[in-house]
1. Just one of Gly95, Gly88, Gly119, Gly141 is at pLDDT 95 or above and surrounded by fewer than 17 Cβ atoms within 10 Å (Cβ to Cβ); which is it?
2. Going residue by residue through the stretch 116-134, is there one that turns out to be over 22 Å from Ala223 (Cβ atoms) and in contact (Cβ under 8 Å) with a residue 24 or more places away in the chain?
3. What number goes with the only condition from (1) at pLDDT 95 or above; (2) more than 28 Å from Gly286 (Cα to Cα); (3) out of contact with any helix residue (DSSP H, G or I) (no Cβ under 8 Å at 6 or more places or on another chain) that Ala103 does not pass?
4. If only one of Met321, Met311, Met316 is of a type in the set (A, V, I, L, M, F, W, C), within 17 Å of Tyr436 (Cα to Cα), touching a strand residue (DSSP E or B) at 6+ places or on another chain (Cβ under 6 Å) and assigned by TED's automatic domain parsing to the domain that holds Cys387, which one is it?
5. Across the stretch 326-342, what is the total count of residues that are more than 22 Å from the chain's Cα centre (by Cα) and surrounded by 19 or more Cβ atoms within 10 Å (Cβ to Cβ)?
6. If you check Pro155 against the conditions, is it at pLDDT 95 or above, under 28 Å from Ala33 (Cα atoms) and in a loop (DSSP other than H, G, I, E, B)?
7. Report yes if some residue within the stretch 162-184 is of a type outside the set (Phe, Trp, Tyr), under 28 Å from the mean Cα position of the chain (by Cα), in a strand (DSSP E or B) and surrounded by fewer than 19 Cβ atoms within 10 Å (Cβ to Cβ); otherwise report no.
8. Tell me which residues, restricted to the stretch 33-47, are surrounded by 14 or more Cβ atoms within 10 Å (Cβ to Cβ) and assigned to a loop (DSSP other than H, G, I, E, B).
Amino acid sequence: MSERASHNGAHKAARALLDYIDTSPSPWHVVRATCQALRAGGFQPLDEADAWALEPGGAYYVVRDGSSVIAFRLGNGFLPEHGWRMIGAHTDSPGFRVKPQAAHARANLLALGVEVYGGPILASFADRDLTLAGRVMVRGGAGIPQTHLVHFPQPLVRLPNVAIHLNRSVNDEGLKFDRQEELPLVLAALGDSLPPQSQFERLLADRIECEPDQILSWGLAVADTQPGALFGPQEEFMADSQLDNLACCHAGLEALLSAPAPHGVQLLALFDHEEIGSETYQGASGNFLEAVSRRIAAALRLDAADAQRAMARSWMLSADMAHALHPNFARYYEPQHAPAVNGGPAVKINANQRYATNEAGSALFRTLCEREGVPWQTYVHRSNLPCGSTIGPMSAARLGVRTVDVGNPMWAMHSVRESAGTLDHERMIAVMRSFYAGH
């Protein structure tokens with residue numbers, strides 16, 4: 001393949017990723033977009049509350065609480081002889097979530113109170129064209145609440161900065177916010193005689209075309225309105241919100257949809273709540289993946305011993321973005337293990353198992369990259385800085401499955417506007433497709 005053709009393919013994959021992100025401003029929207037692609041690819045929906053009739057060669061997906069999804073394709077081989085190939089990623093991103101009684105008056109303005117979700121770079125949200133997206137629960141028939149996804153595409157709220165004339169030390173000490181007093185967002189001028197909370201509920205009700213008294217609750221994220229973009233003279237970089245970790249969700253989805261038919265099981269698990277520890281009903285530390293894997297084994301009529309044999313032959317890729325070497329902040333990186341943007345996917349290693357990769361897993365990932373002609377890199381966190389973690393260690397422990405932590409290098413992780421290399425996304429898809437193929 002020529003270099004031009006290779007770059008054209010990379011740009012096409014990167015633009016598809018940006019489109020996926022821009023239609024997915026909340027975890028609930030991520031799952032909706034993912035399920036739409038799965039249905040178009042021939043996958044059939046399942047419900048955890050129903051009995052499952054699974055067929056060899058079939059492709060299925062199941063959603064938990066609207067924000068986590070597991071998709072899988074069954075092979076025609078005997079599972080204990082072929083095992084599982086699983087990819088895990090997460091649908092959530094750090095930021096702000098709107099409080100239940102959010103609307104209140106401030107200086108003759110309608111303000112929205114927010115909680116900080118996960119570990120965002122708070123200053124990156126200042127002076128951005130922000131909006132709201134998520135789900136709203138409304139009264140339904142027979143007393144069963146109904147779910148409506150909502151996304152205001154236009155700029156709706158703002159976190160205005162304070163002038164440097166009033167904060168003279170901002171350039172020396174950095175922009176800081178008190179999470180209670182200084183993060184409420186400006187929504188509107190305080191207008192009619194309705195109380196602030198009623199005004200906000202009227203706004204939501206108009207968006208989903210119901211009456212305000214029908215609204216029961218909501219989960220609303222604060223989202224950026226600026227669409228994703230490629231940048232640089234050759235469009236060699238890309239920028240968007242939520243690259244961490246929707247880039248890995250999209251790569252896994254594209255790989256699953258384009259992988260050859262399996263002999264064992266190919267599975268993609270996209271979990272909510274990774275950014276807050278995963279110990280929830282729909283998080284990776286919950287029983288979602290374990291429950292689905294057991295039901296698949298039961299549908300294939302495997303006894304406990306055969307199910308364990310199958311898992312012993314299995315692998316998982318825990319896919320979460322990696323820190324790329326920043327040209328202006330090299331002091332924060334381990335000098336021998338600082339991956340470069342557009343240098344290829346990185347395998348992530350930590351001696352204290354904050355990442356699940358061991359020597360066998362590292363060798364597997366390197367082999368996959370070499371077979372696909374993809375450059376590979378290694379990330380190790382700087383020894384005098386605390387290392388984050390992923391869903392990898394908890395998934396490995398819960399399932400007893402060999403796990404490798406991988407991710408593409410990126411800058412500004414947890415900013416409202418992150419950036420990464422255009423070439424790396426297509427490379428990760430190719431490696432994940434090879435992984436699913438069982439090579």
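The values are calculated or read from the model by the stated rules, or taken from the named source; none is laboratory data. Source: prediction; values computed, not measured. Here the Cβ is made from the backbone with ideal geometry for all residues, glycine too, and neighbour counts use every protein chain on show.
1. On inspection, the qualifying residue turns out to be Gly119.
2. no
3. The single condition Ala103 does not satisfy is (3).
4. Only one candidate passes the filter, namely Met316.
5. Summing the residues that are more than 22 Å from the chain's Cα centre (by Cα) and surrounded by 19 or more Cβ atoms within 10 Å (Cβ to Cβ) in the stretch 326-342 gives 2.
6. yes
7. no
8. Of everything in the stretch 33-47, those that are surrounded by 14 or more Cβ atoms within 10 Å (Cβ to Cβ) and assigned to a loop (DSSP other than H, G, I, E, B) turn out to be Gly41, Phe43.
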